Each structure stands twice: as C-alpha cells, then as structure tokens.
Amino acid sequence: IYNFLDELQVTGIVDIRSAVKPYSRIFIAQQLNAALQKKEELSKRQSDELEFYLLEFKPELSALPDYDPRFDIFKKNRNLAFAVNPLGGYYKDSLFTMAVKPIWGIDYYFNKDKNIYHRWGGAEAFAYIGKHWGFYASLRDNSESERMCESSFFTQRQGGPYKELKGGAGDYSEMRGGISYTWKWGDFSLAKDHINWGNAYNGTNILSGRTPSFAHIKLHLKPVKWFEFNYFHGWLVSEIVDSARSYYYNNGDYREVFHQKYLAANMFTFTPFKRLHFSLGNSIVYSDIGVHPAYLIPVAFFKSIDHTLNGISNQSGQNSQMFFDLSSTRIKNLHLYGTLFLDDLSIGRLSDPDRRNPISYKAGAKLSNYPVKNLSALAEYTYTIPITYQHNILTTTFESNYYNMGHYLRDNSEEVYAEISYKPLRGLTITVSYLNARHGDDYIYGEEEDPESLPVLKNILYENTTVAVRAVYEFINNAYVFAGFMNSDVYDEKEIRAPEFFRGKKSILNSGFNIGF
C-alpha cells in the first residue's frame, strides 16, 4: 500500500508529506478516497489497484462490513462479517468498529550449499470507538534457522531480541500496539512500534525503523495546509547494566537492571509550494535523569536544553542530533528527494578542509510511469562520515537494544542503489536491482586522537555487491507470494557484518509467502 501511495503521489493524484512514517489507517483511507475522486486520471492497472485496496479500508470508509457474501459465515448479522479478501473477521456499528486478522509467513533462502528460513506467525487487531479513539495490537513469534538480523549485521531486516538457541538459530517475539486520540487537525498516541523518518526507498538515514519496536508517546499536528508537525518521546532499551540497581535474589540468582534511556525528537514540515516539502528537526538521546520534563516540550531545540542541564563543557552531557529532509514531486512522474543527518555541527569545521562534521546524507530520484506506463526507475546514493551515529557514553548512543537507529550501514560507509520495477497487472511487481554497499574501518568514538579528521573508506572491511531479480504478487489484501534470485559478492573481513549464509560469492534463490503485515 505504501508503494501504491507513493505512485499516486509521484503521478500527481495525491500530495503526501512522506518524511514521517508509519501512516495511520485513517490517513491511508483518506488518500485512497482522494484518489477515487480522480479515478478518471488513473490507468487501468492503477484503477484496479485502487479498487483492490479500498476493500482493505472498508472499516474506515463504509457504514457496514459488507464483504463478499459467498464466504461470509455471519450472513444474518448486518454488523458482523467474515471475509476472505481481506482475510479476517469484522464488526461495525454506529459506535464501535473492530477487525481481527491472522499473521503467518515463511521466507526461504537456498544456495548450492544449504538453505535457511525465517518463519513467523501470530495475529493482529484494530478497533475504533466513536470518531476519536483508536486501538491496535499485533503479536507475532519469529523463528530463524540461522540468525539474519543481529544488531551487528548490515541488513535492513527488522531486528529482534533473540533467545539463546544452539546452532546459530534464533527465536524472538514482538508485540506492537497502541491507543490514539484523533481530532480534525491532529492526533496523540501511546504506542509500542517502529518509527521511520526520512525519504528513501532503500533504507533511511534519520530513523530507519530497524530497531526492535519501543514504547513512545507521539504528537502529530496539521493545523494548516502548508505546515505539519511531528514529535515523539521514546523509551529505548540500553542493555547497559546498572550495577547500583542490580541485585541478587534469595536463591542466589542475579537480576541485571539496565540503565534507563530515552529519545525525544521533533520534525517540522513546511510546504512553501505545492508538492514541495521541506522538513527539519532535532533529537536527543538522554539517560540517568529519568523522564525530564524539558524533553517533553514538543517544539524544543534539545541541544540547548542539554547545555542548560549539563553545561557546555561537561562531558557527561547527552547526545543530540539535527536532520533535514527535502522532497519534491513538482515535476510529474518524478520524485526528487534528499536527507541530511547531522550528528554534531561545528561552524569551525565548515571552514577547515582537514576537519569534518559527522554527517550522513542521502540523495535520490525515482521516475514512475514515464516514458513507459507501469515502469519505474530509481537511483539512490548514501554517504556517511566516520563517527556519525556514535557517542562516547554507552548509555546515550544512537541505539536501542544495540541496534543503530540510523542508516543500516552505520558510519564510515557508502551505498549506491538502483532499481527498475515493472507492474504489468494489479498486485504483481517485478523488480531488478543493483546494490553496492561499502563500509570502512570500525573507528570507536573516544578512542581516536582526532575523530574529526579520520579518513573515509580508507580500508574496506565490508562490501556487498548484489544484482537481484524479485517478483511479488499480492493475491488478496496483505497476502503475498514472492520469489527471487540474487547474485551477490559479500566481503566481510571480520565476519560480523553478514550472516554466514550470505558471505562470499553466492547465487541465492529466495521464495515464500505471507499473510498479514
């Protein structure tokens, strides 16, 4: 659905501020309804896609759950329905709306030596009470025959808190959910979920959403057409043991208590011209002072607050960041975008050619449905200076559960990504992609004599060059079959950046299916 919304935006059907995700179901339903009003401007395939996705969002758009009656076991109850497309059970009356859906999937990888898999299953539900209150929950268990998303790996797979298993296998579960209150020009929520900030198609460099989900409160405001505001305060997981608060049980067992760790962030988005969106914001990772009320001020510049609380020269200060995002679809069928992440900004370094500010920047362009309908082409480049995303105080690193919250390649890295995607019919996407990702020396902030002058990509410790072909078919809403082939060459000098299965020169087949998000 996100890919379809992006296509509608690029072709000028809707206008979406895409720097902040995830989108709410209400927001997606509104965009689909806006596209329905311009259905005559859609191609045959886009029109079919729209009708298909409108089925998924009937709870938000229709007065009753009137799905295909051939598969409904509750035909005599106008308010209750079971549907195959989308698969689940649904209830709706004048006050209360609810849906319950299954989750199940398997993702297989094969090469000439072995095969591995990722298998998951669970259930998800959402509900509305009246016009303002919303609720959702998603629980799934994950099982991997070989761990594929460790915190040290350079992968965009979402991480998880693994259980200790023999033979390199990994199991973990994840619970996501939340409660929200919505009004005409904003919403407020308490949730445990992933957060993704920054425009990108192959991994963002502001907040990637790759960490295990964490609890947060979130505020979203859109009082006028030309301005939108987002803020959240998150409770991160440090996994750094606080020895003063850890203790022994009566039976001699030791309970490790972690240092508390928090993240506050905001994003201001302005639309000076139609289909041109400029966003800027800042964030801070802080610890050891509890939830501080100063960081609960949504519109604050957090670095200045840190100076007040800790002093400018105090080495026990917190870890602040700034970021910018620019997105333009003013040229029909073309999306131009760029993001800049500033881990620390010094004006003095800007005029010194031998010193650098620790930054990460990304630039890209996507051309859709031109000059060939149903065909899109994408090119994206990411470059990250050494020490970016790092901090010398372990309790304030830009991490949660040891997973970096920024770009998946971390600091001292470079990535070139390109793809061509073809959608010959509704639900089917065929993609050919090229990736070259490189990572240099693993510098450690606090141990380097001159961290601002470290060479970039001097020695390559990790490099991934992959050409891949992938086909995905969504046969009913949120249910997919997929298959792919990749020819990859993954160099991992320290053997800590990629699963063993993917290291070296490999030809790999991939297939699977899933039901649910």
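The values are calculated or read from the model by the stated rules, or taken from the named source; none is laboratory data. Note that the coordinates shown come from a computational prediction; the quantities given were computed from them, not determined experimentally. Note that each Cβ is placed from the backbone with ideal geometry, even for glycine, and that neighbours are counted across all protein chains shown. SASA here: full protein model, heavy atoms, side chains in, ligands and nucleic acids out. Shrake-Rupley method; radii C 1.70, N 1.55, O 1.52, S 1.80 Å.
The single condition among (1) assigned to a helix (DSSP H, G or I); (2) open to solvent by 20 Å² or more (accessible area, probe 1.4 Å) that Leu64 does not meet is (1). Whether a residue is over 22 Å from Gly170 (Cβ atoms) and not acidic (Asp, Glu) was assessed, and Lys494 does not pass this test. When Tyr109, Tyr90, Tyr117 are checked against the criterion of being over 25 Å from Ile179 (Cα atoms), of a type in the set (Phe, Trp, Tyr), part of a strand (DSSP E or B) and open to solvent by less than 30 Å² (accessible area, probe 1.4 Å), Tyr109 stands alone in meeting it. Considering region 339-443, the qualifying strands (runs of 3 or more DSSP E), each wholly inside and each with 2 or more residues that are open to solvent by 30 Å² or more (accessible area, probe 1.4 Å) and within 25 Å of Phe482 (Cα to Cα), run over 375-384, 413-425, 428-439. Looking at the structure I just gave you, is Asp68 acidic (Asp, Glu) and either touching a helix residue (DSSP H, G or I) at 6+ places or on another chain (Cβ under 9 Å) or free of Cβ contacts under 8 Å to residues at least 60 places away in the same chain (or both)? Here the answer is yes, as Asp68 does meet what is asked. Just one of the listed residues (Tyr181, Tyr262, Tyr249) is among the hydroxyl-bearing types (Ser, Thr, Tyr), under 23 Å from the mean Cα position of the chain (by Cα) and surrounded by fewer than 19 Cβ atoms within 10 Å (Cβ to Cβ), and it is Tyr181.
The residue that is nearest to the chain's Cα centre (by Cα), counting only those in region 30-50 that are surrounded by fewer than 16 Cβ atoms within 10 Å (Cβ to Cβ) and among the charged types (D, E, K, R), is Asp48. Are any of the residues in region 278-293 touching a residue at least 40 places away in the same chain (Cβ under 8 Å), open to solvent by 60 Å² or more (accessible area, probe 1.4 Å) and in a strand (DSSP E or B)? Yes, some residue in region 278-293 is touching a residue at least 40 places away in the same chain (Cβ under 8 Å), open to solvent by 60 Å² or more (accessible area, probe 1.4 Å) and in a strand (DSSP E or B). Filtering Phe4, Phe27 for residues that are within 20 Å of the chain's Cα centre (by Cα) and open to solvent by 20 Å² or more (accessible area, probe 1.4 Å) leaves a single hit, Phe27.
Tyr443 - would you say it is out of contact with any His (no Cβ under 9 Å at 6 or more places or on another chain) and within 30 Å of Pro161 (Cβ to Cβ)? Show your work before the answer.
Working: out of contact with any His (no Cβ under 9 Å at 6 or more places or on another chain): yes; within 30 Å of Pro161 (Cβ to Cβ): yes.
Yes; evaluated as a whole, the condition is true for this residue.
For region 1-21, the set of residues classified as aliphatic (A, V, I, L, M), in a loop (DSSP other than H, G, I, E, B) and under 24 Å from Asn266 (Cα atoms) consists of Ile16, Ala19, listed by residue number. Residues that are in contact with a strand residue (DSSP E or B) (Cβ under 8 Å, 6 or more places away or on another chain), in contact (Cβ under 8 Å) with a residue 40 or more places away in the chain, closer than 20 Å to Ala99 by Cα and part of a loop (DSSP other than H, G, I, E, B) are absent from region 177-190 altogether. Of all residues in region 467-510, those satisfying the criterion of being surrounded by fewer than 16 Cβ atoms within 10 Å (Cβ to Cβ) and of a type in the set (Gly, Ala, Ser) are Ala471, Ala483, Gly504, Ser507.
Can you say whether Glu239 is farther than 21 Å from Phe27 by Cβ, in contact with a strand residue (DSSP E or B) (Cβ under 8 Å, 6 or more places away or on another chain), open to solvent by 70 Å² or more (accessible area, probe 1.4 Å) and not aromatic (Phe, Trp, Tyr), as far as the supplied structure shows? Against the criterion (farther than 21 Å from Phe27 by Cβ, in contact with a strand residue (DSSP E or B) (Cβ under 8 Å, 6 or more places away or on another chain), open to solvent by 70 Å² or more (accessible area, probe 1.4 Å) and not aromatic (Phe, Trp, Tyr)), Glu239 does not qualify.
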